[in-house]
1. From the Cα trace of the stretch 553-594, what convex hull volume per residue do you get, rounded to a whole Å³?
2. Which angle between 0 and 90 degrees, to the nearest 10, do you get for helix 319-332 versus the longest principal axis of the chain when only C-alpha atoms count?
3. Give me the dipole magnitude in Debye, nearest 20, for the chain about the Cα centre, with unit charges on the beta carbon: positive for Lys and Arg, negative for Asp and Glu.
4. Could you tell me the relative contact order of the chain? Use alpha-carbon pairs under 8 Å, at least six residues apart, and round to a whole percent.
5. Could you list Trp548, Trp252 in order of exposure, starting from the residue whose Cβ has the fewest other Cβ atoms within 10 Å?
6. Please arrange Phe690, Phe550 by how many other C-beta atoms lie within 10 Å of their C-beta, fewest to most.
7. Taking loop as defined by DSSP and a crowding limit of 12 other beta carbons within 10 Å, which trypsin sites (Lys or Arg not before Pro) in the stretch 460-551 fit?
8. Extension gain Glu672-Val21, at 0.36 nm per residue separation less the Cα-Cα distance, in nm?
Amino acid sequence: MTDLERRIQGKIPGADTGIEVRQEVCDICAPGPHCGVDCYVRDGKIIKVEGTKNHPVNHGLLCPRGQANRQYVYRENRIQTPLRRVGPRGSGRFEPIGWEEALDEAAGRMLGYKRESGPESVAFFSGYNKWYRPFLQRLTYAFGSPNYGTESSCCFTASIMAWKLLTGAEKCSPDIAHCGLYLAWAYSGYYSAYLSAQPTLNAHQRGMKIIVIDHRYTHMAERSADLFLQIRPGTDAALAFCFANLLIQRDWIDREFIRDRVHGYETYKAYVSRFTPEYTQQLTGVPAEKILRAVDMMHQYGPVAINENGAALLHHRNGMQTYRAIMSLTALMGTFDRPGGNIPTYMTYAHSMAGFETGEPAFSAELRPALRPVGAERYPIWYDTVHQMQAMDLPRQIREGRPYPIKMLWAHGLDYRMWPDSPGMLRALETVDFFVDVDLFMTDSARYADIVLPACSGFERGEFRVFGGRHAAYTRPVIAPLYESRPDTDILFDLARRLELKDELITSDYDTCLGYMLRHNPSIDLARLKEEPYPVRVDEPVHVPGTWRFQTPTGKFEIYSERIARFSGQGFSPIPTWREPLAGDGDRYPFTMCSGIRRPNVLHSRLHDMPWLQSLFPEPYAEINREDGRRLGIQTGDTVEIFTGQNTISMRAVLTDFTMPGTILTYHGHREADVNSLMGQSDCDPYSGFPAFKSYRCGLRKRGAE
Ligand SMILES: Nc1nc2c(c(=O)[nH]1)N[C@H]1C(S)=C(S)[C@@H](COP(=O)(O)OP(=O)(O)OC[C@H]3O[C@@H](n4cnc5c(=O)[nH]c(N)nc54)[C@H](O)[C@@H]3O)O[C@H]1N2
Ligand SMILES: Nc1nc2c(c(=O)[nH]1)N[C@H]1C(S)=C(S)[C@@H](COP(=O)(O)OP(=O)(O)OC[C@H]3O[C@@H](n4cnc5c(=O)[nH]c(N)nc54)[C@H](O)[C@@H]3O)O[C@H]1N2
Ligand SMILES: [Mo]
């Protein structure tokens, strides 16, 4: 082997090896962390990836999923050309067609349904991906349909609802840098948000105390908890009420803040008084003396900051109320909008929080028609606060046609296994007249589409992004789009131009729209950003703690929500309330299934087939408490059946002492063991519409045992 060959094999960049290092951003779990990636490119192909050292977000780190980016981009089932279905739905029989033909046909159908059944009969949907959403949402509304909906119908939006109802803010981040005690409430860090773990550990080392509240003994609990409260899934509201009760009884509250800035204190005080430590122990499983110890610590070590959680606390049938209960503690303690507490922040751009505002929310929503979207009847509080389609109700409406028919579905990255009662969503895909799916890969959902369009990955496109700490970037593609794939936004503009729309923006182009969204952000210069390989710090005004003006009907922190009070007649409670979390059929099913607990090697449906990542955990598995295993004669490695009235699935058992007896922890999106097929549609949180993914009743047995 020559020296040059060795250097090529070693992937050494240089003019002689023809290997160049180009910067991109990992798109696998964006917009979570947005980690910078160095891509080693040779002959137009990515041959290696590693974390970008001088990237302000990840500083050279990459998680296992990010490390596997090369396998992700070059997966065998990438869709290569636009396709038209020629076999029955689900058969996977398609013929390649050209882009013009595909978009003409889709646009023709859309206009036809609009004429025959109204614009609302066409629904627009986005899966987990966020980067193109502003454009998709504007296009939906410009077309005249109210039915823009996304995966966020079951992810984090219920927390936004809670904050909006309480304060008018959308998100309130814990101020870890200045707090004395961190309530790591449903926070494990290591798997779901790995970049947040180190700052938390650093703060702990400087003296910040940590109370971990989780049903699983997590790494965070093991390594850094000063106190660990092991709690039954979904019972967290009771714990928050008990904390409130004890803080009030001991007069460890901020009376001035409550007097001047809180609405509903007296009603709430009366309500929480029944949550004694003993009663709360019965509901939550947390020993009374530990609850008392936690409250002592909150008093002794404040200011207290509380973790913002996007899913684990919300995936219960009382999730939104639970969130309101927990965050109402910031009003009692006076830590809302105070250093060391929870500070309001902005959703800056496409669901990313960078600390400053842009015109993106207005761009996305300003053309919203007055028509009522899917889910508005069933989930009125959702509709009142979010205004979008509640996509959890979409399968029902497609199948039943009530209150009006949905004829066509235009989707980007739709995965039917995201919904509870996933078979019901699949039936909806069979029922709907016309279905277009835009995805990178030929997924099990895309197989049901009439037209399938190939999107390119984040490495094959350039795009505007923002990052925490007031950073912005305009990425550049590191390789050309594979096959005939294209960026979702290009597809959307080409569609928009075919829809006879009056809106000049959504029929223009990406940069023109960005210019409009950023017209009040003078420090962001797109041309300059395009020249920069790394994110640039921008000089935009940020929220100053202590200056928040409550955007609520009373202009105060509304523990008693006047907005919800308007719906009291429909059984909704203006103050946070308790409800037993278990969803699903009655007592025949003694276990609590907590599904979708984040794991290091998976992200929803999209990574289950990837060899490197799959090698870490080759099969779907369920974590089962060792005691339960002993009782049922189950050992690690056995195949177990998890069952409900809806369905039965099989997984490998992994016995552990880290879970609570009676709980089963699983992951979702597996083709061969789809947990969502075990769940019904009827048990969603009535406030938010969120499914009870994390506290569903089920049965468990060793395969073969009856
Ligand atoms: N690796 C990886 N990272 C991800 C994702 C992924 O699929 N894989 N998904 C991303 C997405 S879309 C989301 S929404 C976020 C979710 O992010 P998180 O909600 O942080 O995700 P989890 O790690 O499942 O949950 C955090 C902790 O809450 C605990 N928990 C679960 N249920 C309860 C409960 O009822 N009460 C209490 N007190 N604790 C509970 C879990 O045991 C866990 O330790 O993760 C994001 N990051
Ligand atoms: N049981 C259970 N179910 C859950 C959860 C749980 O915890 N438990 N979590 C819920 C939560 S929080 C979430 S966020 C959802 C996740 O919901 P999903 O939307 O199911 O997430 P993914 O499977 O990651 O992505 C969907 C599709 O997007 C495609 N895709 C990736 N990048 C692009 C792109 O740039 N353009 C286009 N057009 N497509 C792209 C992927 O190939 C994939 O097919 O699942 C929810 N469902
Ligand atoms: Mo999520």
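Values in this text are rule-based calculations from the coordinates and carry no lab data. If you're wondering where the values come from, they're calculated on a predicted model, not measured in any experiment. Here Cβ is always computed from backbone atoms with ideal geometry, including for glycine, and neighbour counts include all displayed protein chains.
1. Output value, Cα hull per residue: 103 Å³.
2. Long axis of 319-332 versus the principal axis of the chain: about 60 degrees.
3. Dipole about the Cα centre, nearest 20: 940 debye.
4. 18
5. Ordered from fewest to most neighbouring Cβ atoms within 10 Å, Trp548, Trp252 come out as Trp252, Trp548.
6. Listing Phe690, Phe550 from fewest to most nearby Cβ atoms yields Phe550, Phe690.
7. Answer by residue number: Lys502, Arg519, Arg549.
8. 230.5 nm
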